[in-house]
Amino acid sequence: MQNNLVELKEVKKVEVVSCSQNGVSLTIRDLKKHYGDREVLKGINIEIEQGEFVAIVGRSGCGKSTLLRLVAGLEASSSGRLVLDHRCLPNNSVTRIMFQEARLLPWKKVIQNIALGLSAGILQQAKDVLQAVGLSDRADEWPARLSGGQKQRVSLARALVHKPKLLLLDEPLGALDALTRIEMHQLIESLWSQNKFTALLVTHDVSEAIALADRIILIEDGAIALNLEVDLPRPRERASQKFVEIEKQLLDQLLGSTH
Amino acid sequence: MSNQTFKNVSNAIVPWLTPIFLIVIWQWAAQSGHLSTRILPSPLSIGQAFIKLTESGELWVHVKTSTWRALSGFAVGGGLGLILGLITGSFKKAEVVLDTTLQMIRNIPPLALIPLVILWFGIDEVAKLFLVSVGVFFPVYLNTFHGIRNVDPGLIEMAKSYGLKGFSLYWHVILPGALPSILVGVRFSLGLMWVLLIVAETISAQSGIGYMTMNAREFLQTDIVLVGILVYALLGKLADVLAKSLERYWLRWHPGYQSA
C-alpha cells in the first residue's frame, strides 16, 4: 500500500538504487507521459538486465523517442517509476545519450568535443576513445570538416569516454547511408561487447534492431505490442533464414497495425 | 610556371588600373585648369598638404583625439550593448522588463538627439562620447540578444545531459554559439561609430579630424578638407580590417569564415 503510493508519485528524476560493475539494470514500471490531453506513453513496463542490448522499434510518433528521453532524464514523466541499479557513480555520469544528430559543438575541435564535461587533464582518455572509433588522425579537425558518419563516430566516442553504464541511442544512424550504417553497427556492437554497458536503442529500422539487439520491444500507440528475444549468434548474418523470419514477424506486426 | 607567375602579377595589378587611371585624369584636369582648385585640388597638392600636416604633427594630434573619442564611445556603448544583450537574451524576465523600452529608444535616430545633447552637455567631450555610445549600443545589443536566442537548443540540451551547467554551459556552449551574431553587431557598429563621430565633430569641436576639416573650410583650404575625408576613409577601413581579423580568428571553426 505504502509502496504503491510511492510508485504512483510523480517522479522528476531517475532513481538510483544499488550497484554493479559494468552495465546497470533498468526497471521501467507503469511509466506514463502525456502532453496536455495527448497520452504519449500509456503505462510502459520493461525490465532490462545489466549488459543487455535492447532495441525499441515502432512507427514514428509511437512514443519510442519520448520513452528514451524520459530514461535519459531530459524530460520528466507524468507518472511511474524508473529505477537504475548501480553502485558507485553519481547519476549523471551513469547514463549517456547519443542523439539523432551528432550535436557536436562546431567551435571545438574533435578532441575537445569528446573531452566536453570531463575534468581537465583526462585528454589521454579522450584520445583512447577516439582511437577506438577509428578517428585518431582527425583529433584536431573542426567538426564541420567531418562527414556525417564521422560526426556520429565522434558523438559515440564522446558518450563512451564517460564510461557510461547505460548508453541510450536515439536513432543515431538514421541520417547515414546504408553502407556507413552497417559499419557503425559493427563498431557499436564491438564496443558494446568490449565495455559491457547496457544499451537501449530506439530505431525505426527493423533490420538494425535485429542486427544489434538481444531483445526487441515493439511499441505501438504508446504501449508495448511485442517483446521478442533475438536468439542469433553474433556477428549476425543479415541473409540468414532466422534473421529474415524475425524481420518478417516484426514488419507484419508493424504494418498490420494500420488495419 | 612563368605563365602562372604572370597571371598572379596581373591579378595583383589589374584591380588598381582603374583608380590609377582616374587619378591621372584628375591630376591632368587640375593642372591644365579644367578643374578649379577651389572645387577639387590636384592629387599632388592633396599629397603635399598631407605631408605638411603630418610633418607639423597637427594631423597626428587630430587623429589621436578622434580615435580616442571613437574608441571610448565604442567601448562604452558596445560594452553596455553586449552586457544588456547577454542579460535579456539569457533571461526571459529581463527581456520582459527591458526590451520594449530599448526597442522604443532604438527607433530614435541618434543624430536627432544632437540638439538635446548640446543642451545637456554643451559642446564638451561628453557630448561626442554620448552620441557615439548611443549609436553603437543598438547594433551590438540587438545582435547579441538574437545570437543568444538562436543558439541551437539541441546543443544546449546535449551539453546539459553531459553535465554542463551554469558558467561552464555559458562559456562552452552559449557564448560561442552567439559569437558569430555578436561580431556582426560589432562590425556594424564600428562603421556607425565613425559616421556619428564625423557628424559630432563637424558640428562642435575644438580638435579632431572633423574640427580640422571644418576649420579648413572656413579658410577655403579644400586640400585639407580632402585630407580629412581621406583620413576618415582610412580609419574606417582600418576598423573594418580589425573586425574582420577578429572574425577570422574567433570564427575559424565556422565554414563561412575559413580562409582558403
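Of the trypsin sites (Lys or Arg not before Pro) found in the range B:1-63, those that fall in a DSSP loop while having at most 16 other beta-carbon atoms within 10 Å are B:Arg38.
The chymotrypsin sites (Phe, Trp or Tyr not before Pro) of the range B:83-178 that meet both conditions, a loop assignment by DSSP and at most 13 other Cβ atoms within 10 Å of the site Cβ, are B:Phe91.
Applying Stokes-Einstein at 4 °C and 1.567 mPa s to the Kirkwood radius of the range A:143-222, computed over alpha-carbon pairs, gives a translational diffusion coefficient of 97 µm² s⁻¹. Indicate the gyration tensor shape class of the range A:107-151 (rounded, prolate or oblate), computed on the Cα atoms with a ≥ b ≥ c the square roots of the eigenvalues: a/c under 1.5 is rounded; otherwise a/b larger than b/c is prolate and the rest oblate. Since a/c reaches 1.5 but b/c is at least a/b, the shape of the range A:107-151 is classed as oblate. Shown for chain B are the DSSP H helices of 24 Å or more along their axis, judged by Cα atoms, with a mean Kyte-Doolittle hydropathy of at least -1.0: B:2-31, B:58-90, B:125-149, B:175-203, B:222-250.
Projecting the Cα atoms of B:Gly89, A:Pro172, A:Leu200 onto the dipole axis of the protein assembly as shown, where Lys and Arg carry +1 and Asp and Glu carry -1 at the beta carbon, places B:Gly89 farthest toward the positive end. For the range B:46-257, the dipole from Cβ point charges (+1 on Lys and Arg, -1 on Asp and Glu) about the Cα centre works out to 580 debye, to the nearest 20. Considered as an equivalent ellipsoid built on the Cα gyration tensor, the range B:98-179 has semi-axes of 38, 13, 9 Å, the largest given first.
Just so you know, the Rg over Rh for the protein assembly as shown is 1.16, from Cα atoms, with Rh as the Kirkwood radius. Scanning chain A for trypsin sites (Lys or Arg not before Pro) that sit in a DSSP loop and have at most 11 other Cβ atoms within 10 Å, the longest stretch containing none of them is A:14-259.
Shown in residue order for the range A:123-128 are the 3J(HN,Hα) couplings computed by the Karplus curve 6.51 cos²θ - 1.76 cosθ + 1.60 at θ = phi - 60°: 4, 4, 4, 4, 5, 4 Hz (x for Gly and Pro).
When the P(r) is computed for the range B:1-122, the part past 24 Å accounts for 66% of the Cα-Cα pairs. About its Cα centre, the dipole of chain A is roughly 860 debye, where the only charges are +1 on Lys and Arg Cβ and -1 on Asp and Glu Cβ. Expressed to the nearest 5 percent, the antiparallel share of DSSP beta bridges inside chain A is 50 percent. Show log10 I(q)/I(0) for chain A at q = 0.09, 0.12, 0.16 Å⁻¹, two decimals, from a solvent-free Debye sum over equal Cα scatterers. Log-scaled intensity ratios, in q order: -0.41, -0.73, -1.25. Stokes-Einstein diffusion of chain B at 37 °C, 0.692 mPa s viscosity, Kirkwood radius from Cα pairs, rounded to a whole number: 152 µm²/s.
How high is the relative contact order of the range A:114-248, in percent, with contacts defined as C-alpha pairs under 8 Å that are six or more residues apart? Relative CO of the range A:114-248 lands at 17 percent. Taking every alpha-carbon pair under 8 Å whose residues sit at least 6 apart, chain A reaches a relative contact order of 26 percent. With distances taken between every two different alpha-carbon atoms, the range B:52-101 has a Kirkwood hydrodynamic radius of 13.4 Å.
Taking all Cα pairs closer than 8 Å and separated by 6 or more residues, the relative contact order of chain B comes to 22 percent. What the Kirkwood sum gives for the range B:144-260 is a hydrodynamic radius of 17.2 Å, with every pair of different alpha carbons counted. In the distance distribution for the range A:111-185, Cα-Cα pairs more than 22 Å apart total 20 percent. Taking only the C-alpha atoms of the range B:66-129, the Rg (one decimal) and the largest Cα-Cα distance, Dmax (whole number), read 14.2, 40 Å.
Bear in mind these aren't lab numbers, they're just calculated from the coordinates by the rules spelled out. The structure displayed is predicted, hence computed values, not measured ones. All Cβ positions, even for glycine, are placed from backbone atoms using ideal geometry, and neighbour counts span all protein chains on display.
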